[in-house]
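For reference, the structure is listed below as structure tokens.
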Amino acid sequence: MAKKGGNNRKKSTRTYIFSFALILVFWAVVEILGHMNMLSSKMLGLLIPICAYAIMAVSLNLVVGFLGELSLGHAAFMLAGATAGVVFYNSAGLNMPQVLRVIITLVIGAAAAGLFGVIVGVPVLRFSGDYLAIVTLAFCQILKNVLSTTYLGVDSAGIHLAFDQGSFRLEPGAKPLIKGAQPISGINKISPDMMVSFTVGIVLLILTVAFVLNLMNSRAGRAITAIRDDEIAAKSIGINLTRYKLMAFISSAVFAGLAGVIYVLNLSTLDFKKYDYNLSINVLVMVVLGGMGNVPGSIIAAALLTFLPELLRNFSQYRMFIYSIVLIVIMLFNQAPAFVQLRQRLTAKIRGKNAQEPEGGEKADTEFFEAKKQGKEDE
Amino acid sequence: MALLEVTNLGISFGGLQAVSGFELEIESGHLYGLIGPNGAGKTTAFNMLTGMYVPSQGNIVLDGVDITGKSPEFISKAGIARTFQNIRLFKGMSVLDNVKVGMHNRVTYSMWHGIFRDGVFRDRERQMDKKAMDLLDVFGIADKADYVASQLPYGEQRKLEICRALASDPKLLLLDEPAAGMNPNETLELRETVRKVRDDFNIAILLIEHDMKFVMGICEEITVLEYGKIIAHGDPESVSNDPRVIAAYLGGDDD
């Protein structure tokens with residue numbers, strides 16, 4: 001009996017091992033190639049975005065895949081984290097040792113994104129239905145546009161905040177932190193050595209994956225999955241729906257904030273316009289391609305979809321064409337019944353014959369009664 | 001004092017009085033039946049007892065605690081668990097996890113224990129695994145603990161749903177048409193299961209059922225609803241011979 005319970009855990013153990021092995025192998029390969037100077041500057045430039053998008057995809061998977069709520073504004077939390085982080089990084093953080101400065105920036109970015117997660121989540125997640133998709137979509141546009149008209153600066157008189165250029169005046173010599181629609185530029189990188197920055201990105205990705213997997217394999221995670229599978233049943237066994245929906249949503253926002261910070265520190269400019277609907281949808285595509293509730297899948301999809309457009313840059317004319325074909329092929333591979341069967345046969349072969357299948361006769365019986373029962377459902 | 005005391009319970013949706021003057025008294029360790037033609041308000045009564053609907057009138061007292069109009073969470077903690085007419089399992093989760101999620105408010109630890117996988121987490125999970133496996137064993141589906149719930153045959157899905165409800169250590173178990181869609185053999189087996197649950201767990205069971213042979217054979221006391229009102233109440237013998245009950249069934253929707 002106890003052995004059976006253990007089996008269940010074995011499956012999740014496989015997910016753990018695969019996820020972390022995937023990340024570590026990626027890290028090791030890049031480190032080796034990097035030290036042999038075999039990475040082009042273009043490739044080097046992709047390393048942090050891959051980490052950032054992987055964090056984005058894994059965290060969005062928490063909401064879309066595990067909780068089963070659609071969020072179309074994940075970019076907003078990335079932007080909130082990036083902006084709050086950069087404002088600190090370029091002001092109070094300037095005189096700190098770099099390690100401390102980066103850590104505090106990450107914490108502030110995560111906290112800011114989490115705060116916005118609370119602001120969006122608390123009113124919306126009390127309801128069941130598709131409200132979240134609409135509200136997150138709108139929130140993403142609102143945040144981007146509000147930041148584009150924000151002017152923020154510090155001088156000896158204190159902090160100046162304005163929403164039009166006319167009333168925003170700083171003492172000569174003081175540098176504004178946010179200048180309306182103009183991108184924030186001159187953000188120092190985490191480290192001049194790309195490999196160090198990359199390692200920071202990998203560590204954050206590992207933290208994200210560990211958090212999500214541990215959460216989902218605990219009491220709270222079971223409650224979250226239960227809500228996805230059947231809200232009414234979840235309610236009837238005493239699960240507080242709002243509490244667990246918020247838990248998933250806010251955690252997801254916090255990690256998006258972290259992703260925003262490392263992404264923008266690597267890019268050295270922060271252009272609000274980039275964090276729009278398109279970016280949110282891109283991350284959503286990664287989640288869908290990688291598989292709902294599939295953490296390593298999200299990482300692979302994020303890496304692939306960040307890498308692919310760059311790879312296709314030389315065929316710029318056909319870039320979007322090839323990109324969409326690849327998307328369709330992956331989707332077919334993941335979802336089409338013939339492919340699913342093929343995959344199952346392959347995994348069965350690899351795992352030997354341990355995999356049990358429900359007996360066919362009994363199942364036909366079930367379906368028969370299921371149909372019969374459906375006809376009777378009326379009250 | 002009885003385990004559950006329901007007095008003058010009623011609910012109306014807009015202008016429609018779905019249930020009115022519903023009374024019920026339930027003692028621990030006994031089996032009760034709630035029957036009536038389709039649309040009589042049986043499931044509505046269940047929904048009020050479990051907090052899914054807020055009653056418009058009346059009182060529900062469970063073991064001395066007033067649970068009228070309280071949240072499903074509160075009522076689940078107070079000790080009422082239920083199953084559904086159209087099985088509502090967590091289909092994507094394993095059989096074992098379905099039972100473990102039923103213990104949500106019985107074996108608890110905070111989110112952070114789960115994140116850091118500390119001693120508390122391991123201890124509570126072990127406790128849950130053991131309790132869940134024992135429960136599954138009672139229903140003879142322990143060997144399928146690792147199956148995804150939707151892979152189970154129909155009869156075992158019903159059993160699993162009862163298992164999940166029992167995992168919350170209820171004082172009162174509500175079964176909404178447990179025999180629906182079952183073949184005669186499965187129904188017979190279910191009868192034994194329900195009896196066993198009552199005896200082994202020493203809880204009260206209230207069930208809605210259309211299979212009259214099943215109800216008459218197992219329940220000690222039966223309440224009959226028609227158009228939201230109680231038309232008869234008593235032991236199976238007297239209820240099945242009550243002319244009003246016979247009229248309700250033969251005159252109304254046959255089922």
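At a glance:
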| item | result |
| --- | --- |
| Heavy atoms of B:Thr108 accessible to a 1.4 Å probe, total area in Å² rounded to 10 | 60 |
| Choice from A:Tyr151, A:Tyr275, A:Tyr323 with maximal GNM fluctuation in chain A (Cα, 10 Å cutoff) | A:Tyr323 |
| Nitroxide proxy distance, nm - points 7 Å out along Cα→Cβ at A:Ala181 and A:Val29 | 4.2 |
| Residue-wise HN-Hα coupling along the stretch A:138-147, computed from phi with Karplus coefficients 6.51, -1.76, 1.60 (Hz; x: Gly, Pro) | 5, 4, 4, 5, 5, 4, 4, 6, 5, 5 |
| Whole-angstrom Cα spans of the stretch B:90-168 along principal axes, big to small | 38, 22, 20 |
| Computed over the stretch A:39-156: relative contact order in percent, which uses C-alpha pairs under 8 Å that are six or more apart | 32 |
| Acute angle (nearest 10 degrees) that the helix A:295-311 long axis makes with the longest principal axis of chain A, alpha-carbon atoms | 50 |
| Average beta carbon contacts from partner chains per residue of A:212-220, 10 Å cutoff | 6 |
| Per-residue average of Cβ from other chains inside 10 Å of A:242-249 | 1 |
| Degrees separating the helix A:194-216 axis from the principal Cα axis of chain A, which is the longest one | 40 |
| Inter-part distance where the stretch B:50-124 and the stretch A:319-350 are each reduced to a Cα centre, Å | 39 |
| DSSP-defined beta bridges in chain B - what % are antiparallel, rounded to 5 | 55 |
| Candidates A:Gln344, A:Gln335, A:Gln165, ranked by Gaussian network fluctuation over chain A, Cα under 10 Å, top entry | A:Gln344 |
| Long pairs among A:Lys11/A:Lys273; A:Lys245/B:Lys131; A:Lys10/A:Lys245; B:Lys144/B:Lys171; A:Lys245/A:Lys349, criterion Cα-Cα beyond 32 Å | A:Lys11/A:Lys273; A:Lys245/A:Lys349 |
| Heavy-atom accessible area order for A:Leu106, A:Leu60, A:Leu70, largest first, 1.4 Å probe | A:Leu70, A:Leu106, A:Leu60 |
| Most mobile of A:Ile299, A:Ile32, A:Ile108 in a GNM of chain A (Cα contacts under 10 Å) | A:Ile32 |
| Rg and Dmax of the protein assembly as shown, Cα atoms only, in Å | 29.1, 98 |
| In degrees, nearest ten, helix A:98-124 long axis to first principal axis of chain A (Cα) | 60 |
| Derived scalar couplings ³J(HN,Hα) [the stretch B:137-148; Karplus, 6.51 cos²θ - 1.76 cosθ + 1.60; whole Hz; x for Gly, Pro] | 5, 4, 8, x, 10, 4, 6, 10, 4, 8, 5, 6 |
| Cα-Cα over 18 Å, subset of B:Lys100/B:Lys130; A:Lys235/B:Lys229; B:Lys42/B:Lys229; A:Lys235/B:Lys91; A:Lys235/B:Lys70 | A:Lys235/B:Lys229 |
| Chymotrypsin sites (Phe, Trp or Tyr not before Pro) within the stretch A:159-237: DSSP coil, no more than 14 neighbouring Cβ in 10 Å | A:Phe163 |
| Contact surface B-A: accessible area buried, both sides summed, square angstrom, 1.4 angstrom probe | 4500 |
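The values are calculated or read from the model by the stated rules, or taken from the named source; none is laboratory data. All of these numbers come straight from a predicted model, not from anything done at the bench. So basically every Cβ, Gly included, is an ideal-geometry build from the backbone, and we count neighbours across all protein chains shown. For accessibility, only protein heavy atoms count, side chains too; no ligands or nucleic acids. Shrake-Rupley method; radii C 1.70, N 1.55, O 1.52, S 1.80 Å.
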